[in-house]
1. So Arg31 fits all but one of (1) assigned to a loop (DSSP other than H, G, I, E, B); (2) of a type in the set (Lys, Arg); (3) within 23 Å of the chain's Cα centre (by Cα); what number is the exception?
2. Just to be sure I understand the filter: pairs with C-beta atoms under 8 Å, separated by 6 or more residues or on different chains, first member in the range 76-102 and more than 14 Å from Ala127 (Cβ to Cβ), second member modelled with pLDDT of 95 or more and part of a loop (DSSP other than H, G, I, E, B). Which pairs pass?
3. Name the residues in the range 63-101 that are more than 15 Å from the chain's Cα centre (by Cα) and among the polar types (S, T, N, Q), would you?
4. Output the number of residues of the range 102-158 satisfying the condition of being part of a loop (DSSP other than H, G, I, E, B) and either under 17 Å from the mean Cα position of the chain (by Cα) or not basic (Lys, Arg) (or both).
Amino acid sequence: MIRRMSDSLTHFDDSGAARMVSIATKPETPRTAVAQATVRMHQATFDRIHAGGIEKGDVLGVARLAGIGAAKQTASLVPLCHPVRLVAVDVSFEPQPDLPGFAVQAEVAAIDRTGPEMEAMTAASVAALTIYDMCKAVDRGMEIERVWLVRKSGGKSGTWVRPAPNSADPA
């Protein structure tokens, strides 16, 4: 179940039309966001990535660059998203042998009037899609299972951390 955190949706005007909200009066502050995605694949694909045996090249290296580039393009991709002044983007991969697959993590830092949550989720998503693209010739059954915000910090709302699984707060 998804809970609304507020009764007002700021991206809609009184008539219900979409709008880009003004952030002009908000102070510029350091802000960070971390997002993750999960890519599940066949064991043979997982093993080939580790062995460097994918013909297209360094799968995780290319996916890292794709994620970084995607973070920088988020405002062009998401219609009501403000351009955010990014100061750092890091995309990393954690092998998940039990899936098998990879956890993709994107950490984005900015100094701006709004946070880089969308940039982090876009980076994780595009990095996961790039893994799929680079390996689809050997495994069309790969799945990108989840994309989620892990934590954010900065700004008026402060720090938010996703509760651990099975906690009382469904976030």
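1. Here Arg31 meets the rest and fails (1).
2. Within 8 Å, the pairs are Val84/Pro116; Leu86/Pro116; Leu99/Met41; Pro100/Met41; Pro100/His42.
3. Hits for the range 63-101 are Ser76, Gln96.
4. Within the range 102-158, residues that are part of a loop (DSSP other than H, G, I, E, B) and either under 17 Å from the mean Cα position of the chain (by Cα) or not basic (Lys, Arg) (or both) number 12.
The values are calculated or read from the model by the stated rules, or taken from the named source; none is laboratory data. Everything numeric in this text was worked out from a predicted model, so none of it was measured. Backbone-built Cβ (ideal geometry, glycine too); neighbour counts: all protein chains shown.
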